[in-house]
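The values are calculated or read from the model by the stated rules, or taken from the named source; none is laboratory data. All values reported here derive from a predicted model rather than from experimental measurement. Cβ coordinates were reconstructed from backbone atoms using ideal geometry, including for glycine residues, and neighbour counts include every protein chain displayed. With ligands, DNA and RNA removed, areas are computed over all heavy atoms of the protein, side chains included. Shrake-Rupley method; radii C 1.70, N 1.55, O 1.52, S 1.80 Å.
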Amino acid sequence: MGFSGGRDSVALVHLLKEGGWPDLVLCHLDHGLRTGSAEDCTWAQEFASGMGLGFLSRRVDVAAAASAAGVGVEEAGREARYAFFCEVSRSHQGAPLVLAHHADDQVETFCFRLLRGAGTSGLGGMAPFSFREDGRVRVLRPLLSVWRWEIDAMVQDRGLAYREDPSNRDSRWTRNRIRHELLPEMERVMQRPVREAIWRAAEILRAEAEWMDTCEGGETVLGEVLDVDALGKMPLALRRRRVARWLRRQGCQGIGFSEVEAVLGLLVRLRPAKVNLSAGCFVRRRQGQIFVEKPGSQRDCD
């Protein structure tokens, strides 16, 4: 289980133990971004010991990782956490990764992705049950329908100790600005609460995206190449979904609307039949097929 030591993860540990999960292993990642993070790790270890649970930790210089990868610190931190958590899951015979994301996190995810131009799948937010690393790691989020105020009430009623992360109010981080500035402003404009309405929209979109995945045939329909003629006969919405999922399956990073539209442009038989992606990758068209060319490989295009 991913464990920060905050109120959400502390509450989830107690709920899981009460629900019959006695053999939890708490995984704590120290991002190395602020003074006091080492003390949080020590506290988390002592908490696990007091609960009779296993504990594993790792420290990652997330700022350096973000700089090296050319991404934001928030994104680098998320990737570092998942890499560590999934590694632990694999080392424990594929035990599920349990995370304490709750309903307010879902709302903030929706807003974040909406403002970055996400499609239906992205706006569906996080799923209660999903997979990472090509299905090798199961991810469970049992609190996605539970609100932050409900967790606060449980923690207060039971007198549970937890660590308060001061960075949760740091306006440098996008999620904090969404939480403390954007959502309150939306409620001021609408003159009513908006979080539940946003949560419902995300839930509806997530269910519809899952249904569309089923209709599309899932990952089994995706091979190493895309057939130009077959892709061109699909409705535009299906074309976009197919290309986006195919690019991610090929290991391409930073896939968004503009990248998908650029690849769809290869359906028009005009030169150059090549699209530049990040990390030195290209998408090319050759003999009626679209394929990804990675650094070190070479194929001729139309």
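Could you give the accessible area per residue of segment 10-62, probe 1.4 Å, as a whole number in Å²?
It amounts to 50 Å² per residue over segment 10-62.
To two decimal places, what compactness ratio does the chain give when its Cα radius of gyration is scaled by 2.2 N^0.38 Å?
Dividing the Cα Rg of the chain by 2.2 N^0.38 Å gives 1.12.
Just from the alpha-carbon atoms, what are the Rg and Dmax of segment 22-75 in angstroms?
13.5, 40
Could you tell me how many degrees, from 0 to 90 and to the nearest 10, lie between the Cα long axis of helix 103-114 and the main elongation axis, the longest principal axis, of the Cα atoms of the chain?
The answer is roughly 30 degrees.
Which shape class, rounded, prolate or oblate, goes with segment 60-150 when its Cα gyration tensor gives a ≥ b ≥ c as root eigenvalues, a/c under 1.5 marks rounded, and past that a/b bigger than b/c marks prolate?
Judged from the Cα gyration tensor, segment 60-150 comes out oblate (a/c at least 1.5, b/c at or above a/b).
Taking every pair of alpha-carbon atoms in segment 148-272, what share in percent sits in each 5 Å bin, from 0 to the bin with the longest distance?
In whole percents, the pair-distance histogram is 2, 8, 11, 13, 13, 11, 11, 11, 10, 6, 3, 1, 1, 0.
Give me the percent of the accessible area of the chain that comes from carbon and sulfur atoms, probe 1.4 Å, all protein chains in place.
Here carbon and sulfur together make up 52 percent of the probe-accessible area.
On a full-extension model of 0.36 nm per residue, what is the gain between S91 and T214, subtracting their alpha-carbon distance, rounded to one decimal in nm?
Length gained, S91 through T214: 41.2 nm.
Nearest 10 degrees, 0 to 90: what angle lies between the long axis of helix 73-91 and the longest principal axis of the chain (Cα atoms)?
Long axis of 73-91 versus the principal axis of the chain: about 80 degrees.
List the aspartates and glutamates whose alpha-carbon lies under 14 Å from that of K274, not counting same-chain residues fewer than 8 positions away?
Qualifying aspartates and glutamates at Cα under 14 Å: E259, E261, E293, D300, D302.
Which ³J(HN,Hα) values, rounded to whole Hz and listed in residue order, are derived for segment 177-188 from phi using the Karplus coefficients 6.51, -1.76 and 1.60 in 6.51 cos²θ - 1.76 cosθ + 1.60 with θ = phi - 60°, glycine and proline given as x?
Values, residue by residue: 5, 5, 5, 9, 10, 5, 4, x, 5, 4, 5, 5 Hz.
Give the ranking of E75, E196 by solvent-accessible surface, highest area first, calculated with a 1.4 Å probe.
The most accessible residue leads, giving E196, E75.
So how tilted is helix 195-216 from the main axis of the chain? Cα-based, degrees 0 to 90, rounded to 10.
Here the helix axis deviates by roughly 40 degrees.
Show me 42-49, 130-137 ranked by packing, highest mean number of other Cβ atoms within 10 Å first.
With the highest mean Cβ count within 10 Å placed first, the list reads 42-49, 130-137.
Please report, in Å, the Rg and the Dmax of segment 1-126, where both are computed over Cα atoms only.
Computed over the Cα atoms of segment 1-126, radius of gyration and Dmax are 15.6, 45 Å.
With viscosity set to 1.306 mPa s at 10 °C, what whole-number translational diffusion coefficient in µm²/s follows for segment 107-155 from Stokes-Einstein and a Kirkwood radius over Cα pairs?
After rounding, the answer is 126 µm²/s.
Using a/c under 1.5 as the rounded threshold, could you call segment 128-169 rounded, prolate or oblate? The axes a ≥ b ≥ c are square roots of the C-alpha gyration tensor eigenvalues, and prolate needs a/b larger than b/c, oblate otherwise.
Prolate shape, in that a/c is at least 1.5 and a/b is the bigger ratio.
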